[in-house]
Amino acid sequence: MIVKATYHSIWDGSGDDGKDIATDCKYDTETRRCFDIEDSGLEGKELEDLENLETEYVELEDGTRLGADEGVTFDYRGGSPC
């Protein structure tokens, strides 16, 4: 089943130290694929200041967070979400 979800990418630190960029996406619960990840809209210096992608995960509408450790794949066709 395909559901609406939120894609999170955490940059330059983990936990509360990192910059969390959240965008809309779709998530296939059967294949565990996150796709149709929306562009963040970041531009200029704000985008240039991002250096290290620390982690990424998809958050479902019920608050469940799933990442690569849970078998999620992230489909960036169309470019990076940032």
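General observations
- Residue among H8, V58, S40 farthest towards the positive dipole end of the range 2-74, charges placed on Cβ: V58
- V3/K45 FRET efficiency (R0 25 Å; Cβ-Cβ; nearest 0.05): 0.10
FYI, it's all coordinate maths here, none of it is from the lab. Model, not experiment: these values are computed from the prediction. Methodologically, a virtual Cβ is constructed for each residue, glycine included, from the backbone with ideal geometry; neighbour enumeration extends over all protein chains shown.
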